[in-house]
Amino acid sequence: MSLLFIVGTVSCTLFLAVNGLYSASDDVIELTPTNFNKEVIQSESLWLVEFYAPWCGHCQRLTPEWKKAATALKGVVKVGAVDADKHQSLGGQYGVRGFPTIKIFGANKNKAEDYQGGRTSDAIVDAALSALRSLVKQRLSGRSGGYSSGKQSRESGGGDKKDVIELTDDSFDKNVINSDDVWMVEFYAPWCGHCKNLEPEWAAAATEVKEQTKGKVKLAAVDATVNQMLASRYGIRGFPTIKIFQKGEDPVDYDGGRTRSDIIARALDLFSDNAPPPELLEITSEDVLKSTCDAHQLCIISVLPHILDTGASGRNSYLDVMLKMAEKYKKKMWGWLWTEAGAQADLESSLGIGGFGYPAMAAINARKMKFALLKGSFSEQGINEFLRELSVGRGSTAPVGGGAFPKIHSVEPWDGKDGELPVEDDIDLSDVDLDDWGKDEL
């Protein structure tokens, strides 16, 4: 029977010096980057897992309920917990931004689902059994969707290695050297036991990294016993050896952990360090809005004053502030948009902005159709405080008016110039007898 992981998010603001919330005598299984892959990802069991921080007040209140649920589900569904304050790489891998976070790992262990239910043992058990029922039905219909542990050797062809790029003496330079992408390359020997242990971790990480970085960070492998020119060039003395290659820099050794979560965390750090700042786009059509917001966890939208109120220099100063914030928060991979006051009146109305108080800013979660409004100043400090609260799961939100994006009008993009008042028509007074003005008609 499969394990189910459930994870949901509640923010914590209580900072207390507390040790781990669970012990070996509990039915809650303590999970770490060292055992997470083996216990959960490679398991065919169903799990419930909480990501917590020991100092978190909400986590402390959840602890007795979590223990009750673990005892009730013993032998049916496994229940685990991760100290995400201590094991931040593991929390980061699953997008943990607040505590406690509960996620659902069902049939497909690579696609965790958020748990948004109650925090009582009854609610948790009900959710676990519901997910278990769904999993069993999938199996009955022949749709397991499970994770392949990939423990077979490279020679046997086992494991899903479709996203690990095999490199050779002939193909290495063409693919890696001078590439604009970041490469993490494993040098291995087929007979090496540590290499065989790393293989499923490397393969799983390659797929996740490819998806999250849109292919900008690549995981590759080199059989150093066959491709001895490469092994000699890079001084490979033991297996496995992992090196990081970036354009214009000497390769460096990767000395992090060998679990899927460790590898993914390092790859995402490399991606964010090398990623350009996000584009700041004007909302000129419905496609611009939807493509940006649908492709990102959050899209940050600013409504700037009319060009006649600020001129080009004033508008550019606002855009500069947005660009600085986009650079500062580029690791979040949010979308960034702006529009002129009045150009998208329906959108302003759906966000509770309409008609006054410019410049304004809203952060929208298009998947949930919820938004948060900037209530401080439209300045680097004010926006930074607003975005910082969002990044840790704090701040009040509201549903987008109508539950969906309103009609977006197609407009001409700003030309970068000062605005001009409309030209009034000249009045021809040549045929008017001014001497007769003001006289009453007889």
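The values are calculated or read from the model by the stated rules, or taken from the named source; none is laboratory data. Please read all numbers here as calculations on a predicted model, not as lab measurements. Backbone-built Cβ (ideal geometry, glycine too); neighbour counts: all protein chains shown. Areas reflect the complete protein model, heavy atoms only, side chains present, ligands, DNA and RNA absent. Shrake-Rupley method; radii C 1.70, N 1.55, O 1.52, S 1.80 Å.
Figures for the structure shown
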| read-out | value |
| --- | --- |
| Residue, modelled with the highest pLDDT, within the range 204-243, restricted to residues that are crowded, with 17+ Cβ neighbours inside 10 Å and of a type in the set (Asp, Glu) | 223 |
| Subset of the range 163-200 [in a helix (DSSP H, G or I) and either of a type in the set (Lys, Arg) or more than 20 Å from residue 215 (Cβ to Cβ) (or both)] | 174, 193, 194, 195, 196, 197, 198, 199, 200 |
| Subset of the range 377-391 (residues that are without any contact (Cβ under 8 Å) to a residue 40 or more places away in the chain and either open to solvent by less than 20 Å² (accessible area, probe 1.4 Å) or among the aliphatic types (A, V, I, L, M) (or both)) | 382 |
| Residue match in the range 309-319 (condition: open to solvent by less than 30 Å² (accessible area, probe 1.4 Å) and free of Cβ contacts under 8 Å to residues at least 24 places away in the same chain) | yes |
| Every pair of residues 6+ apart whose Cβ atoms lie under 7 Å, when the first sits in the range 24-39 and is in contact (Cβ under 8 Å) with a residue 40 or more places away in the chain and more than 17 Å from residue 264 (Cβ to Cβ) while the second is open to solvent by 70 Å² or more (accessible area, probe 1.4 Å) and part of a loop (DSSP other than H, G, I, E, B) | 27/74 |
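A quick yes/no check of all residues on (1) under 19 Å from residue 411 (Cβ atoms); (2) crowded, with 19+ Cβ neighbours inside 10 Å; (3) under 23 Å from the mean Cα position of the chain (by Cα):
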{"site": "274", "(1), (2), (3)": "no, no, yes"}
{"site": "280", "(1), (2), (3)": "yes, no, yes"}
{"site": "288", "(1), (2), (3)": "yes, no, yes"}
{"site": "324", "(1), (2), (3)": "no, no, yes"}
{"site": "344", "(1), (2), (3)": "yes, yes, no"}
{"site": "348", "(1), (2), (3)": "yes, yes, no"}
{"site": "357", "(1), (2), (3)": "no, no, no"}
